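Encoded as C-alpha coordinates, the structure appears first; notes follow it.
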Ligand code: HEM
(Lines give C-alpha, C1' and ligand atoms only; values in the text may rest on other atoms or scores of the structure.)
Protein backbone atom coordinates (compact mmCIF):
# COMPACT_ATOMS: atom_id res chain seq x y z
CA UNK A 1 0.00 0.00 0.00
CA UNK A 2 1.17 3.51 -0.77
CA UNK A 3 2.03 5.48 2.37
CA UNK A 4 2.02 9.25 2.72
CA UNK A 5 5.31 10.69 1.37
CA UNK A 6 5.88 7.63 -0.82
CA UNK A 7 7.11 8.76 -4.23
CA UNK A 8 4.56 7.89 -6.94
CA UNK A 9 4.05 8.38 -10.65
CA UNK A 10 1.30 10.77 -11.77
CA UNK A 11 -1.06 7.80 -11.85
CA UNK A 12 -0.29 6.95 -8.24
CA UNK A 13 1.90 3.90 -8.77
CA UNK A 14 4.87 3.53 -6.41
CA UNK A 15 8.10 4.81 -7.97
CA UNK A 16 11.21 2.87 -7.06
CA UNK A 17 14.09 4.96 -8.43
CA UNK A 18 14.07 8.68 -9.29
CA UNK A 19 17.85 9.01 -9.66
CA UNK A 20 18.87 6.33 -12.15
CA UNK A 21 17.27 5.55 -15.51
CA UNK A 22 16.59 1.91 -16.31
CA UNK A 23 19.34 0.68 -18.62
CA UNK A 24 20.53 -2.48 -20.31
CA UNK A 25 23.57 -3.06 -18.13
CA UNK A 26 25.33 -0.47 -15.99
CA UNK A 27 26.67 1.56 -18.96
CA UNK A 28 23.38 1.76 -20.88
CA UNK A 29 21.65 2.25 -23.29
CA UNK A 30 18.37 3.44 -21.70
CA UNK A 31 15.31 1.22 -22.03
CA UNK A 32 12.09 2.54 -23.51
CA UNK A 33 10.18 0.48 -20.96
CA UNK A 34 11.33 2.98 -18.30
CA UNK A 35 8.00 4.77 -18.38
CA UNK A 36 8.78 6.91 -15.30
CA UNK A 37 11.69 8.44 -17.24
CA UNK A 38 9.53 9.03 -20.32
CA UNK A 39 6.71 10.55 -18.26
CA UNK A 40 9.11 12.82 -16.38
CA UNK A 41 10.78 14.15 -19.54
CA UNK A 42 7.45 14.51 -21.37
CA UNK A 43 5.82 16.44 -18.52
CA UNK A 44 8.83 18.72 -18.21
CA UNK A 45 8.51 19.62 -21.89
CA UNK A 46 4.98 20.85 -21.21
CA UNK A 47 5.66 22.92 -18.08
CA UNK A 48 5.62 26.34 -19.73
CA UNK A 49 2.45 27.96 -21.00
CA UNK A 50 2.20 31.18 -23.03
CA UNK A 51 2.96 34.14 -20.81
CA UNK A 52 0.48 37.01 -20.70
CA UNK A 53 0.85 39.04 -23.90
CA UNK A 54 1.13 42.11 -21.66
CA UNK A 55 1.71 42.32 -17.87
CA UNK A 56 3.71 39.08 -17.99
CA UNK A 57 5.94 39.98 -15.02
CA UNK A 58 4.04 40.20 -11.79
CA UNK A 59 3.13 38.83 -8.41
CA UNK A 60 0.38 39.22 -5.91
CA UNK A 61 -1.28 38.07 -2.73
CA UNK A 62 -4.59 37.11 -1.18
CA UNK A 63 -6.64 38.90 1.43
CA UNK A 64 -10.03 40.45 1.98
CA UNK A 65 -12.07 43.56 1.40
CA UNK A 66 -14.04 44.97 4.34
CA UNK A 67 -16.87 47.36 3.60
CA UNK A 68 -16.67 50.32 6.00
CA UNK A 69 -19.38 52.41 4.28
CA UNK A 70 -22.61 50.94 2.97
CA UNK A 71 -22.98 51.88 -0.70
CA UNK A 72 -26.54 50.59 -1.25
CA UNK A 73 -27.74 54.12 -2.14
CA UNK A 74 -25.59 53.84 -5.29
CA UNK A 75 -25.18 50.14 -6.06
CA UNK A 76 -26.91 46.88 -5.26
CA UNK A 77 -23.61 44.98 -5.67
CA UNK A 78 -23.41 42.47 -2.84
CA UNK A 79 -19.84 43.29 -1.85
CA UNK A 80 -20.70 46.99 -1.40
CA UNK A 81 -23.90 46.40 0.62
CA UNK A 82 -23.95 45.89 4.40
CA UNK A 83 -21.32 47.71 6.43
CA UNK A 84 -18.77 45.30 7.88
CA UNK A 85 -19.15 42.70 5.10
CA UNK A 86 -15.89 40.92 4.26
CA UNK A 87 -15.24 39.60 0.77
CA UNK A 88 -12.23 37.35 0.02
CA UNK A 89 -10.00 38.48 -2.85
CA UNK A 90 -6.80 37.94 -4.74
CA UNK A 91 -4.60 40.62 -6.30
CA UNK A 92 -1.88 40.69 -8.90
CA UNK A 93 0.55 43.57 -9.46
CA UNK A 94 2.59 43.67 -12.62
CA UNK A 95 4.54 45.72 -15.08
CA UNK A 96 3.12 46.20 -18.56
CA UNK A 97 5.75 45.65 -21.19
CA UNK A 98 8.41 43.31 -19.82
CA UNK A 99 8.41 39.54 -20.22
CA UNK A 100 7.93 37.24 -17.25
CA UNK A 101 11.62 37.38 -16.24
CA UNK A 102 11.99 41.13 -16.66
CA UNK A 103 13.55 43.27 -13.88
CA UNK A 104 10.87 44.67 -11.59
CA UNK A 105 12.33 48.15 -11.26
CA UNK A 106 12.31 49.16 -14.94
CA UNK A 107 10.31 52.38 -15.55
CA UNK A 108 6.81 51.28 -16.52
CA UNK A 109 3.16 51.58 -15.57
CA UNK A 110 2.22 48.96 -12.97
CA UNK A 111 -0.87 46.74 -13.16
CA UNK A 112 -3.16 46.65 -10.15
CA UNK A 113 -5.72 43.85 -10.55
CA UNK A 114 -8.17 42.63 -7.91
CA UNK A 115 -10.54 39.66 -8.09
CA UNK A 116 -13.31 39.79 -5.46
CA UNK A 117 -14.93 36.42 -4.75
CA UNK A 118 -18.44 37.83 -4.06
CA UNK A 119 -21.64 35.93 -3.25
CA UNK A 120 -22.90 36.89 -6.74
CA UNK A 121 -19.86 35.59 -8.61
CA UNK A 122 -16.44 37.02 -9.29
CA UNK A 123 -15.96 40.75 -9.67
CA UNK A 124 -12.66 41.98 -11.15
CA UNK A 125 -11.20 45.49 -11.10
CA UNK A 126 -8.33 45.23 -13.57
CA UNK A 127 -6.63 48.58 -13.16
CA UNK A 128 -3.26 50.24 -13.08
CA UNK A 129 -1.32 52.45 -10.67
CA UNK A 130 -2.31 55.40 -12.87
CA UNK A 131 -5.77 56.98 -13.16
CA UNK A 132 -5.53 57.25 -16.96
CA UNK A 133 -4.28 55.23 -19.93
CA UNK A 134 -2.24 55.99 -23.06
CA UNK A 135 -4.94 55.59 -25.68
CA UNK A 136 -8.69 56.02 -25.94
CA UNK A 137 -9.56 53.55 -28.69
CA UNK A 138 -9.06 49.76 -28.40
CA UNK A 139 -8.13 49.57 -32.09
CA UNK A 140 -4.82 51.21 -31.20
CA UNK A 141 -3.88 48.80 -28.39
CA UNK A 142 -1.89 46.19 -30.39
CA UNK A 143 0.10 48.96 -32.14
CA UNK A 144 0.73 50.72 -28.86
CA UNK A 145 1.97 47.51 -27.23
CA UNK A 146 4.14 46.62 -30.24
CA UNK A 147 5.89 49.96 -29.78
CA UNK A 148 6.53 49.14 -26.11
CA UNK A 149 7.82 45.64 -26.71
CA UNK A 150 10.76 44.43 -28.82
CA UNK A 151 11.87 45.76 -32.19
CA UNK A 152 10.97 43.19 -34.89
CA UNK A 153 14.50 43.29 -36.30
CA UNK A 154 16.83 43.69 -33.33
CA UNK A 155 14.53 42.03 -30.77
CA UNK A 156 15.48 44.72 -28.22
CA UNK A 157 13.35 47.37 -26.51
CA UNK A 158 13.40 50.57 -28.52
CA UNK A 159 13.07 54.18 -27.40
CA UNK A 160 12.63 55.07 -31.09
CA UNK A 161 9.54 52.89 -31.43
CA UNK A 162 7.89 53.99 -28.22
CA UNK A 163 8.40 57.73 -28.73
CA UNK A 164 7.46 57.42 -32.40
CA UNK A 165 4.10 56.01 -31.33
CA UNK A 166 3.63 58.46 -28.45
CA UNK A 167 4.59 61.58 -30.39
CA UNK A 168 2.13 60.63 -33.15
CA UNK A 169 -0.62 59.82 -30.60
CA UNK A 170 -1.11 63.06 -28.65
CA UNK A 171 -3.75 61.48 -26.42
CA UNK A 172 -0.84 59.68 -24.67
CA UNK A 173 0.57 62.94 -23.25
CA UNK A 174 -1.08 62.73 -19.82
CA UNK A 175 -0.01 59.12 -19.18
CA UNK A 176 3.49 59.75 -20.58
CA UNK A 177 3.86 62.63 -18.09
CA UNK A 178 2.88 60.31 -15.23
CA UNK A 179 5.20 57.57 -16.49
CA UNK A 180 8.18 59.95 -16.72
CA UNK A 181 7.44 61.38 -13.27
CA UNK A 182 8.59 59.86 -9.96
CA UNK A 183 5.62 57.47 -10.09
CA UNK A 184 7.16 55.62 -13.04
CA UNK A 185 9.23 53.54 -10.60
CA UNK A 186 7.33 52.66 -7.40
CA UNK A 187 9.50 51.76 -4.39
CA UNK A 188 7.18 48.86 -3.63
CA UNK A 189 3.91 47.39 -4.85
CA UNK A 190 2.70 48.24 -1.35
CA UNK A 191 3.41 51.95 -1.76
CA UNK A 192 1.45 52.72 -4.90
CA UNK A 193 -2.18 53.69 -5.40
CA UNK A 194 -4.42 51.66 -7.70
CA UNK A 195 -7.13 52.93 -10.03
CA UNK A 196 -9.96 51.35 -12.00
CA UNK A 197 -9.06 54.11 -14.52
CA UNK A 198 -12.24 53.75 -16.62
CA UNK A 199 -15.62 55.12 -15.71
CA UNK A 200 -17.94 52.31 -14.61
CA UNK A 201 -21.65 52.30 -13.98
CA UNK A 202 -23.23 51.54 -10.60
CA UNK A 203 -26.94 50.75 -10.34
CA UNK A 204 -28.93 50.62 -7.11
CA UNK A 205 -31.94 48.41 -6.35
CA UNK A 206 -34.30 51.17 -7.59
CA UNK A 207 -32.62 51.04 -11.00
CA UNK A 208 -30.95 54.46 -10.54
CA UNK A 209 -27.64 54.74 -12.39
CA UNK A 210 -24.41 56.48 -11.40
CA UNK A 211 -20.98 56.68 -12.95
CA UNK A 212 -18.05 55.77 -10.68
CA UNK A 213 -14.27 55.97 -10.69
CA UNK A 214 -12.34 53.66 -8.34
CA UNK A 215 -9.33 54.79 -6.30
CA UNK A 216 -7.36 52.38 -4.07
CA UNK A 217 -5.18 54.65 -1.93
CA UNK A 218 -2.23 52.98 -0.28
CA UNK A 219 -2.22 53.14 3.52
CA UNK A 220 1.59 52.74 3.41
CA UNK A 221 1.97 56.17 1.73
CA UNK A 222 3.21 56.68 -1.83
CA UNK A 223 6.95 56.00 -2.13
CA UNK A 224 8.93 55.86 -5.32
CA UNK A 225 12.45 54.82 -6.21
CA UNK A 226 15.35 56.83 -7.59
CA UNK A 227 16.69 55.97 -11.05
CA UNK A 228 20.02 55.05 -9.50
CA UNK A 229 18.58 52.53 -7.03
CA UNK A 230 16.23 51.13 -9.68
CA UNK A 231 19.12 50.58 -12.09
CA UNK A 232 21.20 48.89 -9.38
CA UNK A 233 18.30 46.59 -8.43
CA UNK A 234 17.75 45.61 -12.08
CA UNK A 235 21.07 43.80 -11.66
CA UNK A 236 21.23 42.96 -7.95
CA UNK A 237 17.65 41.74 -7.46
CA UNK A 238 15.55 41.67 -10.63
CA UNK A 239 12.61 40.32 -8.58
CA UNK A 240 12.88 43.10 -6.02
CA UNK A 241 9.21 44.18 -5.96
CA UNK A 242 8.06 40.58 -5.87
CA UNK A 243 10.42 39.72 -2.98
CA UNK A 244 9.51 42.88 -1.10
CA UNK A 245 5.77 42.14 -1.22
CA UNK A 246 6.22 38.45 -0.41
CA UNK A 247 8.57 39.06 2.51
CA UNK A 248 6.46 41.76 4.08
CA UNK A 249 3.46 39.43 4.12
CA UNK A 250 5.55 36.53 5.47
CA UNK A 251 6.66 38.90 8.25
CA UNK A 252 3.00 39.74 8.92
CA UNK A 253 3.43 43.34 7.85
CA UNK A 254 0.18 43.25 5.89
CA UNK A 255 -0.27 45.98 3.28
CA UNK A 256 -3.66 47.64 2.97
CA UNK A 257 -5.43 50.14 0.76
CA UNK A 258 -8.50 52.30 1.36
CA UNK A 259 -10.96 52.06 -1.50
CA UNK A 260 -12.66 55.31 -2.47
CA UNK A 261 -15.06 56.11 -5.29
CA UNK A 262 -16.04 59.25 -7.09
CA UNK A 263 -19.78 58.98 -7.68
CA UNK A 264 -21.16 61.02 -10.57
CA UNK A 265 -24.93 61.19 -11.14
CA UNK A 266 -25.77 59.70 -14.54
CA UNK A 267 -26.92 62.82 -16.42
CA UNK A 268 -24.13 64.96 -14.93
CA UNK A 269 -21.63 62.37 -16.12
CA UNK A 270 -22.94 62.47 -19.68
CA UNK A 271 -22.56 66.27 -19.69
CA UNK A 272 -19.28 66.57 -17.75
CA UNK A 273 -16.71 69.09 -19.03
CA UNK A 274 -14.44 66.26 -20.20
CA UNK A 275 -15.59 63.07 -21.88
CA UNK A 276 -15.83 60.73 -18.89
CA UNK A 277 -15.76 57.79 -21.29
CA UNK A 278 -12.27 58.82 -22.40
CA UNK A 279 -9.73 56.95 -20.27
CA UNK A 280 -6.97 59.49 -21.04
CA UNK A 281 -8.85 62.01 -18.85
CA UNK A 282 -9.65 62.27 -15.15
CA UNK A 283 -12.70 63.52 -13.29
CA UNK A 284 -11.66 66.32 -10.94
CA UNK A 285 -11.85 65.46 -7.25
CA UNK A 286 -12.93 69.07 -6.69
CA UNK A 287 -16.05 68.34 -8.74
CA UNK A 288 -16.63 64.86 -7.32
CA UNK A 289 -14.75 64.26 -4.05
CA UNK A 290 -13.58 60.83 -2.99
CA UNK A 291 -16.07 58.84 -0.93
CA UNK A 292 -14.66 56.13 1.32
CA UNK A 293 -15.90 52.61 0.67
CA UNK A 294 -13.73 50.11 2.54
CA UNK A 295 -10.39 48.52 3.27
CA UNK A 296 -8.43 46.02 1.18
CA UNK A 297 -5.95 43.99 3.24
CA UNK A 298 -3.44 41.47 1.85
CA UNK A 299 -2.53 38.90 4.47
CA UNK A 300 -1.65 35.69 2.63
CA UNK A 301 0.95 34.79 0.03
CA UNK A 302 0.15 32.33 -2.75
CA UNK A 303 1.09 28.77 -1.78
CA UNK A 304 1.95 27.92 -5.35
CA UNK A 305 2.93 30.71 -7.73
CA UNK A 306 1.95 28.89 -10.91
CA UNK A 307 -1.52 27.83 -9.75
CA UNK A 308 -2.41 31.11 -8.11
CA UNK A 309 -0.65 33.73 -10.25
CA UNK A 310 -0.02 32.18 -13.70
CA UNK A 311 -3.38 30.42 -13.81
CA UNK A 312 -5.15 33.50 -12.48
CA UNK A 313 -7.29 35.12 -15.18
CA UNK A 314 -8.74 38.59 -14.69
CA UNK A 315 -11.26 40.25 -16.95
CA UNK A 316 -13.01 43.63 -16.93
CA UNK A 317 -16.00 41.60 -18.17
CA UNK A 318 -16.24 39.91 -14.75
CA UNK A 319 -19.01 42.13 -13.41
CA UNK A 320 -21.73 41.44 -10.84
CA UNK A 321 -25.31 42.79 -10.57
CA UNK A 322 -25.13 46.47 -9.60
CA UNK A 323 -21.92 47.11 -11.58
CA UNK A 324 -21.94 47.59 -15.35
CA UNK A 325 -19.58 48.82 -18.04
CA UNK A 326 -19.78 52.38 -19.33
CA UNK A 327 -19.53 53.38 -23.00
CA UNK A 328 -15.74 53.90 -22.65
CA UNK A 329 -14.44 52.47 -25.93
CA UNK A 330 -11.25 51.07 -24.41
CA UNK A 331 -13.26 49.35 -21.67
CA UNK A 332 -15.60 47.94 -24.33
CA UNK A 333 -12.60 46.49 -26.19
CA UNK A 334 -11.25 45.02 -22.98
CA UNK A 335 -14.57 43.25 -22.33
CA UNK A 336 -13.58 40.98 -25.24
CA UNK A 337 -9.78 40.93 -24.88
CA UNK A 338 -9.18 39.26 -21.54
CA UNK A 339 -11.40 36.20 -21.71
CA UNK A 340 -10.14 35.57 -25.21
CA UNK A 341 -6.57 35.81 -23.91
CA UNK A 342 -7.39 33.41 -21.06
CA UNK A 343 -8.79 30.84 -23.48
CA UNK A 344 -5.59 31.03 -25.50
CA UNK A 345 -3.24 31.10 -22.50
CA UNK A 346 -5.00 28.62 -20.20
CA UNK A 347 -7.60 26.83 -22.31
CA UNK A 348 -11.35 26.83 -22.85
CA UNK A 349 -12.01 25.76 -19.27
CA UNK A 350 -9.71 28.31 -17.60
CA UNK A 351 -12.66 29.33 -15.43
CA UNK A 352 -12.72 25.87 -13.83
CA UNK A 353 -9.19 26.33 -12.46
CA UNK A 354 -9.19 26.64 -8.68
CA UNK A 355 -8.08 30.27 -8.52
CA UNK A 356 -10.70 31.40 -11.04
CA UNK A 357 -13.65 29.53 -9.56
CA UNK A 358 -16.27 31.66 -7.79
CA UNK A 359 -17.29 30.84 -4.22
CA UNK A 360 -20.91 30.34 -5.31
CA UNK A 361 -22.20 27.47 -7.46
CA UNK A 362 -21.76 27.61 -11.24
CA UNK A 363 -24.86 26.39 -13.11
CA UNK A 364 -25.12 26.66 -16.87
CA UNK A 365 -25.22 24.62 -20.06
CA UNK A 366 -21.56 24.96 -21.09
CA UNK A 367 -20.01 21.51 -21.28
CA UNK A 368 -16.85 19.61 -22.12
CA UNK A 369 -13.72 20.92 -23.83
CA UNK A 370 -10.12 20.23 -22.82
CA UNK A 371 -9.68 19.57 -19.10
CA UNK A 372 -13.38 19.93 -18.30
CA UNK A 373 -14.25 18.65 -14.86
CA UNK A 374 -16.92 18.78 -12.18
CA UNK A 375 -19.99 18.08 -14.35
CA UNK A 376 -22.56 15.39 -13.61
CA UNK A 377 -25.25 13.92 -15.87
CA UNK A 378 -27.66 16.87 -15.55
CA UNK A 379 -29.27 18.56 -18.59
CA UNK A 380 -26.86 20.21 -21.04
CA UNK A 381 -29.54 21.99 -23.10
CA UNK A 382 -32.25 24.61 -22.56
CA UNK A 383 -35.24 24.81 -22.64
CA UNK A 384 -35.72 21.55 -20.74
CA UNK A 385 -38.33 19.83 -18.58
CA UNK A 386 -35.83 18.24 -16.19
CA UNK A 387 -35.34 21.04 -13.71
CA UNK A 388 -32.20 22.59 -15.20
CA UNK A 389 -30.96 25.98 -13.99
CA UNK A 390 -33.18 28.93 -14.93
CA UNK A 391 -32.55 32.59 -15.75
CA UNK A 392 -32.31 35.35 -13.11
CA UNK A 393 -34.31 38.29 -14.57
CA UNK A 394 -33.23 40.62 -11.75
CA UNK A 395 -29.64 40.39 -13.05
CA UNK A 396 -30.47 42.16 -16.32
CA UNK A 397 -28.44 45.28 -17.10
CA UNK A 398 -29.97 48.75 -17.07
CA UNK A 399 -30.71 50.48 -20.40
CA UNK A 400 -28.84 53.42 -21.91
CA UNK A 401 -30.51 55.70 -24.48
CA UNK A 402 -28.40 55.80 -27.64
CA UNK A 403 -28.72 57.84 -30.83
CA UNK A 404 -26.59 58.66 -33.85
CA UNK A 405 -25.10 57.03 -36.90
CA UNK A 406 -22.62 54.18 -36.99
CA UNK A 407 -19.14 55.11 -38.15
CA UNK A 408 -15.46 55.33 -37.29
CA UNK A 409 -15.39 58.47 -35.17
CA UNK A 410 -12.53 60.52 -33.81
CA UNK A 411 -12.86 61.28 -30.06
CA UNK A 412 -15.17 64.29 -29.66
CA UNK A 413 -13.11 65.62 -26.75
CA UNK A 414 -9.87 66.61 -28.48
CA UNK A 415 -8.21 68.35 -25.53
CA UNK A 416 -5.13 66.15 -25.09
CA UNK A 417 -2.99 68.72 -23.31
CA UNK A 418 -4.84 70.38 -20.40
CA UNK A 419 -4.67 67.42 -18.01
CA UNK A 420 -0.92 66.95 -18.57
CA UNK A 421 -0.41 70.67 -17.96
CA UNK A 422 -2.47 70.62 -14.77
CA UNK A 423 -0.48 67.64 -13.52
CA UNK A 424 2.82 69.35 -14.37
CA UNK A 425 1.80 72.44 -12.38
CA UNK A 426 1.01 70.26 -9.33
CA UNK A 427 4.63 69.04 -9.18
CA UNK A 428 7.09 70.85 -6.90
CA UNK A 429 10.38 72.12 -8.33
CA UNK A 430 12.24 68.90 -7.53
CA UNK A 431 9.56 66.74 -9.18
CA UNK A 432 9.59 68.98 -12.27
CA UNK A 433 13.38 68.69 -12.54
CA UNK A 434 13.31 64.90 -12.22
CA UNK A 435 10.45 64.68 -14.77
CA UNK A 436 12.47 66.63 -17.33
CA UNK A 437 15.60 64.64 -16.50
CA UNK A 438 13.70 61.36 -17.07
CA UNK A 439 12.34 62.63 -20.38
CA UNK A 440 15.86 63.64 -21.39
CA UNK A 441 17.20 60.18 -20.45
CA UNK A 442 14.50 58.43 -22.47
CA UNK A 443 13.40 60.69 -25.33
CA UNK A 444 16.99 61.90 -25.56
CA UNK A 445 18.02 58.45 -26.88
CA UNK A 446 15.71 58.74 -29.89
CA UNK A 447 17.59 59.10 -33.17
CA UNK A 448 14.98 61.20 -35.00
CA UNK A 449 15.06 64.93 -34.29
CA UNK A 450 11.52 65.21 -35.77
CA UNK A 451 10.12 62.89 -33.09
CA UNK A 452 11.82 64.92 -30.34
CA UNK A 453 10.41 68.16 -31.75
CA UNK A 454 6.92 66.72 -32.18
CA UNK A 455 6.84 65.43 -28.59
CA UNK A 456 8.35 68.63 -27.12
CA UNK A 457 5.69 70.67 -28.95
CA UNK A 458 3.03 68.72 -27.06
CA UNK A 459 4.76 69.29 -23.73
CA UNK A 460 4.84 73.01 -24.67
CA UNK A 461 1.11 73.02 -25.42
CA UNK A 462 0.46 71.38 -22.04
CA UNK A 463 2.51 74.08 -20.30
CA UNK A 464 5.05 76.43 -21.93
CA UNK A 465 7.51 76.02 -19.03
CA UNK A 466 7.26 72.21 -19.35
CA UNK A 467 7.93 72.37 -23.11
CA UNK A 468 10.77 74.87 -22.79
CA UNK A 469 12.52 72.82 -20.09
CA UNK A 470 12.28 69.67 -22.21
CA UNK A 471 13.50 71.52 -25.32
CA UNK A 472 16.49 72.91 -23.45
CA UNK A 473 17.31 69.50 -21.95
CA UNK A 474 17.19 67.92 -25.42
CA UNK A 475 19.25 70.67 -27.05
CA UNK A 476 16.33 71.92 -29.17
CA UNK A 477 15.62 75.59 -29.69
CA UNK A 478 12.55 76.89 -27.91
CA UNK A 479 11.40 78.56 -31.14
CA UNK A 480 11.11 75.29 -33.01
CA UNK A 481 8.71 73.75 -30.48
CA UNK A 482 6.36 76.73 -30.11
C1 LIG B 1 -7.88 48.10 -25.43
C2 LIG B 1 -7.14 48.15 -24.34
C3 LIG B 1 -6.58 46.94 -23.67
C4 LIG B 1 -6.48 45.66 -24.10
C5 LIG B 1 -6.94 45.06 -25.43
C6 LIG B 1 -5.83 44.90 -23.05
C7 LIG B 1 -5.53 43.56 -23.12
C8 LIG B 1 -4.90 42.83 -22.14
C9 LIG B 1 -4.56 41.44 -22.22
C10 LIG B 1 -4.86 40.54 -23.42
C11 LIG B 1 -3.99 41.08 -21.05
C12 LIG B 1 -3.46 39.69 -20.68
C13 LIG B 1 -4.57 38.92 -20.03
C14 LIG B 1 -4.21 37.49 -19.70
O15 LIG B 1 -3.43 36.86 -20.42
O16 LIG B 1 -4.74 36.98 -18.68
C17 LIG B 1 -3.96 42.24 -20.21
C18 LIG B 1 -3.48 42.28 -18.94
C19 LIG B 1 -3.67 43.35 -18.09
N20 LIG B 1 -4.20 44.58 -18.41
FE21 LIG B 1 -4.87 45.16 -20.19
N22 LIG B 1 -5.56 45.73 -22.01
C23 LIG B 1 -6.01 46.99 -22.33
C24 LIG B 1 -5.97 48.11 -21.56
C25 LIG B 1 -5.72 48.11 -20.21
C26 LIG B 1 -6.01 49.19 -19.31
C27 LIG B 1 -6.67 50.51 -19.71
C28 LIG B 1 -5.66 48.76 -18.07
C29 LIG B 1 -5.75 49.45 -16.75
C30 LIG B 1 -6.57 50.46 -16.51
C31 LIG B 1 -5.13 47.42 -18.19
C32 LIG B 1 -4.67 46.64 -17.15
C33 LIG B 1 -4.22 45.35 -17.27
C34 LIG B 1 -3.71 44.57 -16.17
C35 LIG B 1 -3.56 45.03 -14.72
C36 LIG B 1 -3.35 43.32 -16.68
C37 LIG B 1 -2.73 42.17 -15.92
C38 LIG B 1 -3.81 41.35 -15.24
C39 LIG B 1 -3.16 40.22 -14.47
O40 LIG B 1 -2.46 40.51 -13.49
O41 LIG B 1 -3.37 39.06 -14.86
N42 LIG B 1 -5.18 47.05 -19.50
N43 LIG B 1 -4.49 43.31 -20.91
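Observations on the model:
Here is a yes/no grid of residues against (1) away from the ligand (no atom under 16 Å from the Cβ); (2) without any contact (Cβ under 8 Å) to a residue 60 or more places away in the chain; (3) at positive phi:
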| position | (1), (2), (3) |
| --- | --- |
| 312 | no, no, no |
| 326 | no, no, no |
| 356 | no, no, no |
| 362 | yes, yes, no |
| 370 | yes, yes, no |
| 387 | yes, yes, yes |
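- Single residue of the stretch 23-35 satisfying the filter (surrounded by 12 or more Cβ atoms within 10 Å (Cβ to Cβ) and modelled with pLDDT of 95 or more) that is nearest to residue 9 (Cα to Cα): 34
- Unmet requirement for residue 56, which otherwise passes all of (1) within 14 Å of the ligand (Cβ to nearest atom); (2) within 25 Å of residue 356 (Cα to Cα); (3) touching a residue at least 60 places away in the same chain (Cβ under 8 Å): (3)
- Qualifying residue in the stretch 40-50 (condition: surrounded by 13 or more Cβ atoms within 10 Å (Cβ to Cβ), away from the ligand (no atom under 16 Å from the Cβ) and not assigned by TED's automatic domain parsing to the domain that holds residue 118): yes
- Members of the stretch 59-73 that are away from the ligand (no atom under 16 Å from the Cβ), under 21 Å from the mean Cα position of the chain (by Cα) and crowded, with 20+ Cβ neighbours inside 10 Å: 65
- In the set (1) more than 12 Å from the ligand (Cβ to nearest atom); (2) closer than 18 Å to residue 186 by Cβ, residue 93 fails one condition alone, (1).
- Taken over the stretch 75-99, the criterion of being under 20 Å from residue 230 (Cα atoms) and touching a strand residue (DSSP E or B) at 6+ places or on another chain (Cβ under 8 Å) is satisfied by 93, 94, 95, 96, 97.
- Residue in the stretch 328-350 that is outside any helix (DSSP H, G or I), crowded, with 20+ Cβ neighbours inside 10 Å and within 16 Å of the ligand (Cβ to nearest atom) present: yes
The values are calculated or read from the model by the stated rules, or taken from the named source; none is laboratory data. Just so it is clear, the model here is predicted, and its values are computed rather than measured. Note that each Cβ is placed from the backbone with ideal geometry, even for glycine, and that neighbours are counted across all protein chains shown.
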